[in-house]
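Beneath this line is the structure, given in structure tokens, with notes to follow.
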Amino acid sequence: MNRQTFSGLDAVCLLLASPLLSAAEPVSADLIITHAHVVTMNDAREVFEDGVVVIQGSRIVAVGPASASAGFTAKKTIDARGGLVLPGMINTHTHASMTVFRGLGDDVPDRLRKLIFPLEKALIDRELVYWGGLHGMIEMIEGGVTTFVDMYYFEDEVARAAKKIGLRGVLGETVVNFPAPDAPEPYGGIAYAKKFAAAYRDDPLITPALAPHAPYSLDADHLRLIAHESEVLGLPVLMHVAEMPAEIATLRQEHNMTPVEYLDSLGLLNRRLVAAHCIFVTDSDIALLKARDVGVAHNVVANIKSAKGIAPVVKMLAAGLRLGLGTDGPMSGNTLDVIGQLGYVAKLQKLDQKDPTVMPALHVVELATRGGARAIHREADLGSLEAGKLADVIIIDADATALVPLYDPYAALTYGASGKDVRTSIIHGRVVMEDRRITTVNVAEVRARMRAIGARIKASIAAGKK
């Protein structure tokens with residue numbers, strides 16, 4: 001892919017030929033980011049070394065060299081001081097509220113059934129989901145995530161937290177074949193999800209979704225029902241797919257199919273599905289995922305930590321899949337910032353392929369931005385800095401030690417940057433973090449609540465051991 005670099009002295013046309021700019025009087029905007037090293041991630045992969053981004057309401061209205069802001073005045077100006085300005089990172093798979101359990105049961109086998117499910121059954125309630133979710137969202141915003149795709153219980157509480165902090169979310173209410181913390185009857189999550197979806201219909205930040213846990217944790221009839229409800233209500237479906245060796249063996253034995261083939265037979269394999277993991281997919285599975293226009297969430301750090309396997313990302317990209325990056329939950333990958341995943345994505349594929357040229361840094365940054373937008377079928381609004389798109393923008397500190405000197409912004413982001421280098425995050429045109437200070441919630445209060453929850457969980461675990 002071609003990459004063009006522009007300086008502020010270049011005579012370059014604006015990315016958008018806006019009729020507003022021809023007016024004699026300056027056009028009023030809400031926010032202008034100046035002195036920015038703008039990495040647009042647009043189709044041409046344009047980079048403006050001394051650029052600007054102009055925001056009006058929830059949308060970007062101009063992107064380009066310094067001269068692009070000449071036709072605008074703004075209520076607020078942010079001097080990026082040479083920092084990298086990018087579209088926000090998109091975390092395509094997580095369970096944010098599980099921050100309440102982070103650090104429990106690491107480095108042990110079969111955590112899902114032996115530890116996670118029992119803990120959730122005993123302890124999860126609305127309070128834990130809300131505060132745990134809010135804590136996870138603080139971490140994501142601090143790490144440059146502006147959109148996250150979440151699966152958990154009491155997902156309306158996750159939505160409430162996301163609205164409070166100002167984070168964009170595709171939020172899936174979990175459906176399982178056993179009683180859950182928010183549904184005393186098996187499969188009660190379906191009715192819960194429908195009520196949740198009705199409450200947040202047409203919300204500018206929240207997209208409700210159905211989240212059947214996995215092909216092995218729901219029966220065929222209920223998976224067909226979810227496919228039907230998804231179509232009728234226009235809801236995305238979030239699901240763990242081809243993640244577990246036992247999942248592969250069970251579906252092969254019971255149906256003589258791969259998980260991808262099985263979901264296709266039930267009507268779930270379509271453009272509304274975001275399939276998390278897809279570690280154990282065959283070449284024919286990849287072709288089927290492409291043919292059905294399915295989004296895929298690659299969770300490299302969680303997969304490494306669980307030692308499950310290496311997803312065939314190089315083949316997926318070659319096939320043109322809608323592939324984005326996810327952190328998985330904070331009990332799986334432990335951290336929730338996507339920037340921290342970038343180097344692992346590149347290096348693991350290079351090692352697996354025995355080829356240092358695969359997964360170049362540009363492609364990895366694409367997965368975190370454009371790729372994530374494509375995985376959730378939101379590329380028309382998200383994933384790049386272009387006039388007309390939603391104003392989800394991050395600024396990364398140009399003075400971060402690992403980014404000095406800066407030669408190639410993609411290599412710097414992939415191999416040098418940290419989530420802690422993100423200085424400012426703007427979501428839907430709203431500044432939610434500026435100079436590392438979250439502006440929408442009281443971070444100290446959230447941490448105090450989390451410490452109290454941690455003490456409660458520790459006491460519960462200790463009592464259970466007696």
Kindly provide log₁₀ I(q)/I(0) values, in the same order as q = 0.06, 0.07, 0.12 Å⁻¹, from the Debye equation applied to equal alpha-carbon scatterers of the chain.
-0.25, -0.35, -1.01
Given an 8 Å cut-off on Cα distances and at least 6 residues of separation, report the relative contact order of the chain as a percent.
18 percent
Most packed first (mean Cβ within 10 Å per residue), the peptides 286-298, 343-355, 86-98, 310-322 order as 86-98, 286-298, 310-322, 343-355
If each K or R counts +1 and each D or E counts -1, the residues other than M98 whose Cβ falls under 11 Å of its Cβ total -2
To the nearest 20 debye, the stretch 299-377 has a Cα-centred charge dipole, built from +1 on Lys and Arg Cβ and -1 on Asp and Glu Cβ, of 160 debye
Ranked by how many other beta carbons lie within 10 Å on average, peptides 454-460, 28-34 from highest:
28-34, 454-460
Could you run the Debye sum over the Cα atoms of the stretch 42-138, one equal point scatterer each and no solvent, and tell me log10 of I(q)/I(0) at q = 0.12 Å⁻¹, two decimals?
-0.65
Short version: what are the Cα gyration tensor semi-axes of the stretch 286-397, square root of 5 times each eigenvalue, largest first, in whole Å?
22, 18, 14
Order 429-435, 73-79 from most to least packed using the mean count of other Cβ atoms within 10 Å.
429-435, 73-79
23 Å Cα cut-off, lysine pairs counted over the stretch 89-375 (separation 8 or more, or different chains):
19
Sort out for me the Cα centre separation of the stretch 138-190 from the stretch 348-398, rounded to whole Å.
24 Å
Rg(Cα) / (2.2 N^0.38 Å) computed for the stretch 197-345, rounded to two decimals
1.03
Neighbours of I190 by Cβ distance under 13 Å: Lys/Arg at +1, Asp/Glu at -1, summed charge -4
In angstroms, what radius of gyration and Dmax does the stretch 279-325 have, counting Cα atoms only?
10.5, 31
Considering the options A455, G143, V338, tell which one lies farthest towards the positive end of the dipole of the chain, charges being +1 on Lys and Arg and -1 on Asp and Glu at the Cβ, about the Cα centre.
A455
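For the stretch 264-382, what is the relative contact order in percent, using Cα pairs closer than 8 Å and at least 6 residues apart in sequence?
Relative contact order, the stretch 264-382: 25 percent.
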Neighbours of S332 by Cβ distance under 15 Å: Lys/Arg at +1, Asp/Glu at -1, summed charge -3
Using alpha carbon centers only, the stretch 87-132 is separated from the stretch 249-281 by a whole-angstrom value of 24 Å
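Values quoted throughout were computed directly from the atomic coordinates according to the rules given, and no laboratory measurement underlies them. On a predicted model such as this, the values are computed, not experimentally measured, just so you know. Please note: Cβ atoms are built from the backbone with ideal geometry, for glycine as well, and neighbour counts cover all protein chains shown.
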